[in-house]
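*Asks:* Okay, handing you the structure first.
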Protein chains: 6
Amino acid sequence: MNLLLVNPNTTQAITDRLAAAARAAARRGTRIVAVTGRRGPAVIRSRADNAAAARECLALARAHAPGCDAILLGVSLDTALAGLRSRHRVPVIGMSEAGMIAASLLAPRFALLTFGLHMVPVYRELATGYGFGARLAGVAAVDFAPTAAFSEPAKVQAATLAECRALARRGAGAVVLAGAVFAGMRRDLQPRCALPLVDGIQCAVALAEAMHRLADR
Amino acid sequence: MNLLLVNPNTTQAITDRLAAAARAAARRGTRIVAVTGRRGPAVIRSRADNAAAARECLALARAHAPGCDAILLGVSLDTALAGLRSRHRVPVIGMSEAGMIAASLLAPRFALLTFGLHMVPVYRELATGYGFGARLAGVAAVDFAPTAAFSEPAKVQAATLAECRALARRGAGAVVLAGAVFAGMRRDLQPRCALPLVDGIQCAVALAEAMHRLADR
Amino acid sequence: MNLLLVNPNTTQAITDRLAAAARAAARRGTRIVAVTGRRGPAVIRSRADNAAAARECLALARAHAPGCDAILLGVSLDTALAGLRSRHRVPVIGMSEAGMIAASLLAPRFALLTFGLHMVPVYRELATGYGFGARLAGVAAVDFAPTAAFSEPAKVQAATLAECRALARRGAGAVVLAGAVFAGMRRDLQPRCALPLVDGIQCAVALAEAMHRLADR
Amino acid sequence: MNLLLVNPNTTQAITDRLAAAARAAARRGTRIVAVTGRRGPAVIRSRADNAAAARECLALARAHAPGCDAILLGVSLDTALAGLRSRHRVPVIGMSEAGMIAASLLAPRFALLTFGLHMVPVYRELATGYGFGARLAGVAAVDFAPTAAFSEPAKVQAATLAECRALARRGAGAVVLAGAVFAGMRRDLQPRCALPLVDGIQCAVALAEAMHRLADR
Amino acid sequence: MNLLLVNPNTTQAITDRLAAAARAAARRGTRIVAVTGRRGPAVIRSRADNAAAARECLALARAHAPGCDAILLGVSLDTALAGLRSRHRVPVIGMSEAGMIAASLLAPRFALLTFGLHMVPVYRELATGYGFGARLAGVAAVDFAPTAAFSEPAKVQAATLAECRALARRGAGAVVLAGAVFAGMRRDLQPRCALPLVDGIQCAVALAEAMHRLADR
Amino acid sequence: MNLLLVNPNTTQAITDRLAAAARAAARRGTRIVAVTGRRGPAVIRSRADNAAAARECLALARAHAPGCDAILLGVSLDTALAGLRSRHRVPVIGMSEAGMIAASLLAPRFALLTFGLHMVPVYRELATGYGFGARLAGVAAVDFAPTAAFSEPAKVQAATLAECRALARRGAGAVVLAGAVFAGMRRDLQPRCALPLVDGIQCAVALAEAMHRLADR
């Protein structure tokens, strides 16, 4: 099957990281087409960036969806998700939505971890909007810009593990790593973390494969 | 004061209609700068159109906000409202948000009326997202495309009045005309309608003037 | 236009303070008629006081509304608001409701500040009842009786500013000063506070003027 | 034990009806002191009447509560309930609250029936405010003024039974007769109705007796 | 009247404690038939235990309900409550539900106290599911297994009182002792606690007697 | 991978139908172990049946989970789901939960269709409890007992298609067939239905495979 992975921001390195994580999760026979925004924010760090990125999601999907069996949003605010879903007949799956679905199947209560304290309420609204409010054990953030995942990976990883331990004490049974630059980081972190960690884009790939499998049963 | 009226769709006639209604409501000394999208949907008729229009809202606001005292969204889904509000220090006011605020001050329960039956749940979500769910007596639609307001105004007006009568029977104490092309239509319709009708963009102008007045008290 | 400002408690000094703040915000041509309860609590400091004050709101409004274009509730629990709204055809606007509307136009999330820790849940219920639950960054209180605003104004102001700083750290983008005796205090406090402060009765005046302006467009 | 039954409206005949129903339900040893408002609405038929009646509830309770073991609100909007509860140390029980509690113990879903179509949303808000929103199978009204229960009892009873049958078809497992003038009517109606009917003031008596019994265990 | 008290867990000592507390609350003429699960968990300490105990509730009720006038759930998660209520025509009352109803009549806001920190979110969900979310001042736990109520009663009581003091500071006006092994402990604790303590099974008895009384009025 | 499919009711024919549908959806390498309740209801047709079946879910899972990589609930009320999830470390997936997840990825709004009008509110509560309340376009039922799917399949299928057409008119973009006996019926029905139909147990298989795939990425 063909999956379109849409990263609406303009940073190719983030697309590359997402695509690598997606491919590591994909089954044989799944082809990932990853596209990057050409206009819009370099990284999405605010409600405004998120709104600004919506059209690029639509435009990239319109341009590249033909021939694809599902559309994955490689942006952790799941930008333009409802809009894409109303336009396309193939499944449209947000990476954070997918992560929360997976976490919800693993534990009675789960948490989100993202970048930047100012984004905590935004992700809480995202989870609540999906109906997961009663399942949330907490929303936390590492106090770094997302780009620190490239420039200071060790510090980011250490902070991530520390926050996960704190979230476990608040009753989380799993943690969704909510940030595009977290993609693929789970592989390194999971062995050092008692709670299951959830990589959103990998979940999105797996859900898309599941939906595709179902379509012709 | 200077008000920026942002119509993110690309139809100048809609901007003109919005601007005329806005100017009819504005006080002496209020200047309306109305701008129209250059890219994006001609009319916003779906969740997808709404998402696609978000960046134009941001871009138009960024380009034209300097020197303005408030930003008004001249699009009845209040596209990109939270994003704009997080970026700009001046008040940002959506036309449907403004209409619902006004209606909520007039009656214990109110209703929305829009174009197209498929948009009813979308406007219901909008109202619920603003916290007005318990105040809603109903959401209804005239079964026309928004462009019919230009091409078949008499039919649209007759249907609008019929729906308002039905909404009154459902307990509405006021009706928000939720659609950019409804702008200015209240003047003709109100004399024929027992319920107060609310024109969103005019409310947005009045709220912006109120906020401006308060800022230097 | 004529605005009726109803203070249902029996303390004339509070009415005077509210009326002064209201007049400072009013436009030329707006006349404020401020009336004070003759029976009922001297200050509203509990759920019971609030209930006890409801009839005075109704009675004062009935007696003085003729000839007025809007009714403003000069009581920070917005006593009897729904009841007044169902009885009067002119807009009825609560001072805290107005403050929250204004704050909601200024920032994605805002806070309330009131008098007395025991009132915190009561104001939280008020905000939630208006549908602003998801917008609340916090509800806090200065640990004084409302009358301290007269007897110890410097202490109250210092505590208010300290609480505002704490609310900013919790993510508030604006603070509604929820208490009738806060009326007019914003003028002194705003220069010393990084967050926008919102004066409820002044917002109510401005909203009433906005509604009046709209009524004959 | 001594129960204070507060009817804040000024119609003695309604107090008499409530008191008779209450006494029919009371255990030996329970004394009912029923008091009637001296100021305020004759019958509560709107949100405004309800607000206007609040102080009389407080005043009557303050005057007559000494020596009483519980306070019952003999008004079907449970006027001033939270206010009374914050002021008095004895249990305070609203008649509709009591009816809904009883109905909730009898069936997974229940309904309310009141007087006047315009009151349907008001009772829906009341039930929702108590947390019973998810248990509601419906809210209906007989299209009479409450006084018709005195002047046209046969018509009111016939309409009541017809509405109950309709509510049964909507999935109600019990019906709360929400209106002070319904007091005592259950005795006649129940034999002709398949669904359990719930008389609010009688439930309030029984709950008060239960609370009293518990207090010294 | 005859009350069936169903303890679905298999620990006779818990049934005995519940039955003793129930009988201490019961009126003359009320007979308590207390039955204990024969299969299933010894104590209910998790969501899984709770699910595992549901059938025993149904089976015990089916076997012993004939001749009983109400069914009381002597298990603090109110296991299988909705299921029992849909099957039996007599009132079915959960002990924690009854405790929350009683607490809600005593104070504007109340709290729950249970055993085991991991159970805090489970009881919060229980209260929220009953519609008491907005009334909750807090949910707390003593950090003991329920069996400590038998083996270390003094420690449990001391911890209980300490938690109640903390809950009072959070605004609770009453505390529901949510745990079957708390049954009867209120008698000792109340004199040492400023807040009203609520014993769930005793409330359930009193509510059942109230419902029975009402049935033939 | 090994999947445990738990049907807690005692009807082997239902298990067989579920297992056949599950196997038709499963990938090569997925082995389905389907187990049937030995005690409890023959078919789950009420809230009481659902509660009665919970322990069998726990018992079957405990007995058969060792060696399995996920547990699927082959019962359309997703009996004991939270309990199982708190006990087992492998993913636990309810068939209706899985169906709703899949439907939510396909369309902005979806519907449920089940057996028996009296079950409509029960399924609505299930969906709302999962957080899908705002996504629901409707809940409907064919007015047959579940066993009619065996005895009168043509009638059931015709009624199902008729209801789906009605749900499409209410705005549903997909329909979850919520009933264990619907398993496998989608294959015949989909070609005759314009809306995507969702088979819960097949979705559960696909989600379990997705979760398994992710676990070792």
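*Asks:* Do we have any residue at all in region B:29-36 that's more than 14 Å from the chain's Cα centre (by Cα), at pLDDT 95 or above and under 26 Å from A:ARG62 (Cβ atoms)?
*Replies:* Yes, that holds for at least one residue.
*Asks:* Let me ask something else about it. When the residues of region C:68-83 are narrowed to those that are out of contact with any strand residue (DSSP E or B) (no Cβ under 6 Å at 6 or more places or on another chain) and not aliphatic (A, V, I, L, M), which ends up farthest from the other protein chains (Cβ to nearest Cβ)?
*Replies:* My answer is C:SER76.
*Asks:* May I ask you to list the residues in region C:192-216 that are out of contact with any helix residue (DSSP H, G or I) (no Cβ under 8 Å at 6 or more places or on another chain) and closer than 17 Å to B:ALA98 by Cβ? Talk me through it step by step, then tell me what you get.
*Replies:* The initial filter retains those residues of region C:192-216 that are out of contact with any helix residue (DSSP H, G or I) (no Cβ under 8 Å at 6 or more places or on another chain), namely C:208, C:212, C:215-216.
Across region C:192-216, the qualifying residues are C:ALA208, C:HIS212, C:ALA215.
*Asks:* Please tell me if B:ASN9 is farther than 28 Å from A:TYR123 by Cα and within 14 Å of chain A (Cβ to nearest Cβ).
*Replies:* Criteria met by B:ASN9.
*Asks:* Ok, one more. Sort through D:ARG27, D:ARG31, D:ARG45 and tell me the only one that's among the basic types (Lys, Arg), open to solvent by 40 Å² or more (accessible area, probe 1.4 Å) and away from every other protein chain (no Cβ under 11 Å).
*Replies:* Going through D:ARG27, D:ARG31, D:ARG45 in turn, just one is among the basic types (Lys, Arg), open to solvent by 40 Å² or more (accessible area, probe 1.4 Å) and away from every other protein chain (no Cβ under 11 Å): D:ARG31.
*Asks:* Now for a separate question. Given the criteria without any contact (Cβ under 8 Å) to a residue 12 or more places away in the chain, open to solvent by 20 Å² or more (accessible area, probe 1.4 Å) and charged (D, E, K, R), does E:ARG109 qualify? Walk me through how you get there before you give the answer.
*Replies:* Numbers: without any contact (Cβ under 8 Å) to a residue 12 or more places away in the chain: no; open to solvent by 20 Å² or more (accessible area, probe 1.4 Å): yes; charged (D, E, K, R): yes.
No: the conditions fail for E:ARG109.
Residues are listed down the side, and each one gets a yes or a no for (1) in a helix (DSSP H, G or I); (2) charged (D, E, K, R):
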{"residue": "F:LEU5", "(1), (2)": "no, no"}
{"residue": "F:ASP16", "(1), (2)": "yes, yes"}
{"residue": "F:ALA19", "(1), (2)": "yes, no"}
{"residue": "F:ALA24", "(1), (2)": "yes, no"}
{"residue": "F:ILE32", "(1), (2)": "no, no"}
{"residue": "F:ARG38", "(1), (2)": "no, yes"}
{"residue": "F:ALA42", "(1), (2)": "no, no"}
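*Asks:* Here's another thing I want to ask about it. Just need a number here: residues in region C:101-120 that are under 20 Å from B:MET95 (Cβ atoms) and among the hydrophobic types (A, V, I, L, M, F, W, C). Lay out the reasoning, then the answer.
*Replies:* First, the residues of region C:101-120 that are under 20 Å from B:MET95 (Cβ atoms): C:101-108.
Imposing the further condition that a residue be among the hydrophobic types (A, V, I, L, M, F, W, C) reduces the set to C:101-103, C:105-107.
Qualifying residue count for the region: 6.
*Asks:* Out of (1) surrounded by fewer than 19 Cβ atoms within 10 Å (Cβ to Cβ); (2) not in a helix (DSSP H, G or I); (3) not hydrophobic (A, V, I, L, M, F, W, C), what's the single condition that is false for D:ARG187?
*Replies:* Status for D:ARG187: all satisfied but (2).
*Asks:* Report the residue count in region D:58-67 for those that are more than 11 Å from chain C (Cβ to nearest Cβ), small (Gly, Ala, Ser) and open to solvent by less than 30 Å² (accessible area, probe 1.4 Å). Reasoning before the result, please.
*Replies:* In the first step, residues of region D:58-67 are kept if they are more than 11 Å from chain C (Cβ to nearest Cβ); the result is D:60, D:63-67.
Subsequent filtering for residues that are small (Gly, Ala, Ser) retains D:63, D:65, D:67.
Still in the list and also open to solvent by less than 30 Å² (accessible area, probe 1.4 Å): D:65.
Residues that pass the stated criteria total 1.
*Asks:* Can you tell me which of (1) at pLDDT 95 or above; (2) in contact with a helix residue (DSSP H, G or I) (Cβ under 8 Å, 6 or more places away or on another chain); (3) more than 21 Å from A:HIS118 (Cβ to Cβ); (4) not β-branched (Val, Ile, Thr) is the one A:ALA140 doesn't meet?
*Replies:* (3)
*Asks:* Quickly run through region F:68-83 and pick out the residues that are open to solvent by 10 Å² or more (accessible area, probe 1.4 Å) and either more than 16 Å from F:ILE44 (Cβ to Cβ) or not aliphatic (A, V, I, L, M) (or both).
*Replies:* Scanning region F:68-83 gives F:CYS68, F:ASP69, F:SER76, F:ALA82.
*Asks:* Output yes when any residue across region E:150-160 is of a type in the set (Phe, Trp, Tyr) and within 14 Å of chain D (Cβ to nearest Cβ), and no when none is.
*Replies:* Checked against the condition, which is being of a type in the set (Phe, Trp, Tyr) and within 14 Å of chain D (Cβ to nearest Cβ), region E:150-160 yields no hits at all.
*Asks:* Of these, E:ARG87, E:ARG55, E:ARG39, which one is farther than 30 Å from D:ARG87 by Cβ, at the interface with another protein chain (Cβ under 10 Å from one of its Cβ atoms), buried (at least 24 other Cβ atoms within 10 Å of the Cβ) and at pLDDT below 95?
*Replies:* None of the others qualify; the one that does is E:ARG55.
*Asks:* A follow-up question, please. Among (1) in a loop (DSSP other than H, G, I, E, B); (2) in contact with a helix residue (DSSP H, G or I) (Cβ under 7 Å, 6 or more places away or on another chain); (3) not small (Gly, Ala, Ser), which single condition is F:ARG89 missing?
*Replies:* In the conditions (1) in a loop (DSSP other than H, G, I, E, B); (2) in contact with a helix residue (DSSP H, G or I) (Cβ under 7 Å, 6 or more places away or on another chain); (3) not small (Gly, Ala, Ser), F:ARG89 misses (2) alone.
*Asks:* Same structure, new question: Being in a helix (DSSP H, G or I) and among the small types (Gly, Ala, Ser) is the filter here, so list the residues in region D:140-151 that pass it.
*Replies:* Selection gives D:ALA148, D:ALA149, D:SER151.
The rows are residues; the columns are (1) in contact with a Lys or Arg (Cβ under 9 Å, 6 or more places away or on another chain); (2) among the charged types (D, E, K, R).
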position	(1), (2)
D:SER86	yes, no
D:MET95	no, no
D:GLY99	no, no
D:LEU105	yes, no
D:ARG109	yes, yes
D:PHE115	yes, no
D:THR147	no, no
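*Asks:* As an exercise: evaluate B:GLN190 against (1) touching a Leu at 6+ places or on another chain (Cβ under 6 Å); (2) touching a residue at least 12 places away in the same chain (Cβ under 8 Å); (3) within 13 Å of chain C (Cβ to nearest Cβ) and give the number of the one condition it does not meet.
*Replies:* Exception for B:GLN190: condition (2).
*Asks:* Confirm whether F:VAL156 is assigned to a strand (DSSP E or B) and under 19 Å from the mean Cα position of the chain (by Cα).
*Replies:* In short, no.
*Asks:* Is it the case that B:ALA137 is in contact with a Ser or Thr (Cβ under 9 Å, 6 or more places away or on another chain), without any contact (Cβ under 8 Å) to a residue 40 or more places away in the chain and not in a helix (DSSP H, G or I)? Break it down into steps so the answer makes sense when it comes.
*Replies:* On the way: in contact with a Ser or Thr (Cβ under 9 Å, 6 or more places away or on another chain): no; without any contact (Cβ under 8 Å) to a residue 40 or more places away in the chain: yes; not in a helix (DSSP H, G or I): yes.
So B:ALA137 fails the test.
*Asks:* Any residue at all in region B:169-183 that's closer than 24 Å to B:ALA22 by Cα, in a helix (DSSP H, G or I), within 19 Å of the chain's Cα centre (by Cα) and among the β-branched types (Val, Ile, Thr)?
*Replies:* Yes, region B:169-183 contains at least one residue that is closer than 24 Å to B:ALA22 by Cα, in a helix (DSSP H, G or I), within 19 Å of the chain's Cα centre (by Cα) and among the β-branched types (Val, Ile, Thr).
*Asks:* Counting just the residues of region E:95-127 that are part of a helix (DSSP H, G or I) and among the polar types (S, T, N, Q), which one comes out nearest to the other protein chains (Cβ to nearest Cβ)?
*Replies:* The residue in question is E:SER104.
Results for (1) under 28 Å from D:LEU3 (Cα atoms); (2) buried (at least 24 other Cβ atoms within 10 Å of the Cβ); (3) at pLDDT below 95, shown as yes or no for each residue.
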{"site": "D:MET95", "(1), (2), (3)": "yes, yes, no"}
{"site": "D:ALA103", "(1), (2), (3)": "yes, yes, no"}
{"site": "D:PHE115", "(1), (2), (3)": "yes, yes, no"}
{"site": "D:GLN157", "(1), (2), (3)": "no, no, no"}
{"site": "D:THR160", "(1), (2), (3)": "no, yes, no"}
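Let's see how each residue does on (1) surrounded by fewer than 18 Cβ atoms within 10 Å (Cβ to Cβ); (2) touching a residue at least 12 places away in the same chain (Cβ under 8 Å):
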site: E:SER151; (1), (2): yes, no
site: E:GLU163; (1), (2): no, yes
site: E:ARG169; (1), (2): yes, no
site: E:VAL175; (1), (2): no, yes
site: E:LEU195; (1), (2): no, yes
site: E:ALA210; (1), (2): no, no
site: E:LEU214; (1), (2): no, no
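*Asks:* For region A:53-86, give me the residue count where each residue is part of a loop (DSSP other than H, G, I, E, B) and in contact (Cβ under 8 Å) with a residue 24 or more places away in the chain.
*Replies:* Number satisfying all stated conditions: 11.
The values are calculated or read from the model by the stated rules, or taken from the named source; none is laboratory data. Because the structure is predicted, anything quoted here is derived from the model rather than measured. Using ideal geometry, Cβ is built from the backbone for each residue, glycine included, and neighbour counts are taken over all protein chains shown. The protein model used for the area step is the full one, side chains on, heavy atoms only, and it has no ligands, DNA or RNA in it. Shrake-Rupley method; radii C 1.70, N 1.55, O 1.52, S 1.80 Å.
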